[in-house]
Amino acid sequence: MLFTFKPGRATGQVPFVCAVLAGMFLLVTIACKKDDRPGVKPGNGGPTPIQWKKPAHFPDPVYDISRNPLTREGVELGRFLFYDGILSRTNQIGCGTCHQQEAAFTHHGHELSHGVDDLLGTRNSPSIQNLAWNPSFFWDGGVHDLDLVPFNPIENPVEMDETVKNVIAKLQNTPLSAAKMPVNYPLMFERAFGDEQITSERMMKALSQFMLSLVSAGSRYDYFRQGDRSALSVKEQRGMAVFRAKCGSCHAGELFTDYSFRNNGLVPSGAGDEGRFGITANPADRYKFKVPSLRNVGLTAPYMHDGRYHSLQEVLDHYTDSIHPSATLDIQLIGPGEKRGISLTSAEKQSIISFLRSLSDEQFIREKQFSDPGVGTNF
Ligand code: HEC
Ligand code: HEC
């Protein structure tokens with residue numbers, strides 16, 4: 001008789017083998033209880049508070065830190081969750097897949113972000129930085145509380161396509177279910193919150209703690225701003241002056257945005273994205289998008305809500321030559337005599353681009369504490 005192998009067919013031996021394997025895992029886990037794996041360092045009686053510091057030249061934050069005080073263990077748990085594919089249906093897409101540190105936490109080289117099964121979204125991934133100052137999130141400002149943001153990517157069918165409920169169940173099952181370097185989430189939750197209970201509220205709070213720790217205020221511009229006159233070249237300083245005069249009304253202040261929603265004259269995208277209108281249903285909001293911060297903009301190409309421009313030169317050319325007329329076009333982009341756009345010489349454009357590049361924060365993109373801990377629970 002020919003022996004045929006039937007894949008997927010359960011034999012009596014499988015449960016036995018599984019039980020033995022599970023038992024071995026349990027032993028390993030018990031043996032590792034007092035271990036020195038990253039993220040599971042023993043605490044001595046409760047989480048260690050971290051002082052969250054506002055950079056001196058920044059305005060007061062919007063996020064009320066007192067309702068989610070940062071701790072070393074909470075931020076570390078948030079970092080593990082941020083990079084762990086376990087938050088997605090396929091266990092492969094982490095927040096860090098689309099928000100990559102070397103690109104100031106954007107999706108480098110992607111106009112639109114790819115999520116599970118390589119499905120394509122409709123918007124460009126914005127930078128995760130200085131979120132404590134954001135009064136609203138997403139290009140259309142659809143969410144107002146940072147602690148509620150992760151529900152969207154986790155449950156979005158083209159991003160992580162998972163349910164928060166199932167993520168909690170998977171986290172509760174670690175490290176037994178983890179095939180790669182096991183991360184003991186129950187233990188990490190205990191270290192961060194006092195007991196092993198894993199709830200969606202705690203998960204969101206930990207993710208917020210990590211994201212709140214992503215403060216970028218160490219660019220050459222910041223050094224200049226704090227008194228080091230040699231931090232910017234003459235050309236960059238000239239660019240700063242032109243920028244403030246021509247762009248600073250929307251990209252205002254130290255965060256380089258006033259967080260308002262505006263139509264900056266883009267031809268509507270192929271995806272039919274109407275921006276803020278999708279949230280308010282107010283026709284006056286049609287094609288308005290949140291003014292993005294320009295910190296680290298030299299690292300975050302491509303640009304705009306759909307990533308249509310690949311260089312800062314293209315962005316500048318848009319503002320001078322390609323402003324698309326429409327009922328909601330921002331009044332500031334309509335010049336005297338109905339001439340549309342911002343007038344800039346090519347030398348002024350070059351100096352603005354030089355200035356924008358001085359907003360890159362090399363420490364921010366290299367900081368080890370923000371990086372992928374390199375342990376995933378990919379199955
Ligand atoms: C598949 C790619 C993808 C994944 C995975 C992803 N994001 Fe995003 N993220 C985006 C895109 C695209 C946007 C913009 C969406 C919009 O405006 O509608 C965004 C927006 C955000 C924002 C708002 C930023 C702002 O300035 O308004 C935050 C915060 C954020 N994501 C955090 C997370 C967290 C936390 C996770 C993991 C739980 C995550 N993201 C997973 C692509 C992704
Ligand atoms: C009327 C307000 C307004 C003015 C003035 C303005 N911008 Fe913008 N800017 C916006 C808005 C709104 C967006 C996002 C538009 C979108 O994606 O739909 C944007 C996007 C950008 C982006 C893309 C950033 C990213 O992360 O994708 C850059 C770069 C930029 N602007 C630079 C400038 C420069 C340089 C000037 C001056 C020459 C300028 N802006 C003037 C409102 C403005």
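The values are calculated or read from the model by the stated rules, or taken from the named source; none is laboratory data. If you're wondering where the values come from, they're calculated on a predicted model, not measured in any experiment. Neighbour counts are summed over all protein chains in view; Cβ atoms, including those assigned to glycine, are modelled from backbone coordinates with ideal geometry. Accessible surface areas use protein heavy atoms only, side chains included; no ligands, DNA or RNA. Shrake-Rupley method; radii C 1.70, N 1.55, O 1.52, S 1.80 Å.
Numbers for the structure displayed
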read-out	value
Within-12-Å neighbourhood charge of residue 148 [Cβ basis; K, R +1; D, E -1]	-3
Gain on full stretching of the segment that runs from residue 324 to residue 233 - 0.36 nm per residue minus C-alpha separation	29.3 nm
Axial C-alpha extent at least 24 Å, average Kyte-Doolittle at least -0.5 - helices from the chain (DSSP)	13-31
Average Cα contact separation per residue, segment 220-360, under 8 Å, 6 or more apart, as relative contact order %	32
Cα-projected label distance for residue 226 with residue 249, points at 7 Å along beta-carbon direction, nm	3.3
Within-12-Å neighbourhood charge of residue 344 [Cβ basis; K, R +1; D, E -1]	-1
Sulfur and carbon atoms: percent of accessible area, the chain [1.4 Å]	58
Chymotrypsin sites (Phe, Trp or Tyr not before Pro) within segment 267-307, DSSP loop, no more than 12 other Cβ atoms inside 10 Å	none
Sites residue 282 and residue 54, calculated FRET efficiency, Cβ-Cβ separation with R0 35 Å, nearest 0.05	0.55
Label-point separation in nm, residue 197 to residue 371, each point 7 Å along Cα→Cβ	3.7
CD proxy at 222 nm, helix term only [per DSSP H run n ≥ 4: -39500 (n - 2.57); per residue of the chain; nearest 500]	-9500 deg cm²/dmol
Total formal charge among the other residues, if their Cβ is under 14 angstrom from that of residue 252, Lys/Arg +1 and Asp/Glu -1	+2
Distant-in-sequence amide H partners of residue 288 (H built 1.01 Å from N, under 5 Å)	276, 277
Residue-normalised accessible area of the chain, given per residue in Å² at a 1.4 Å probe	49
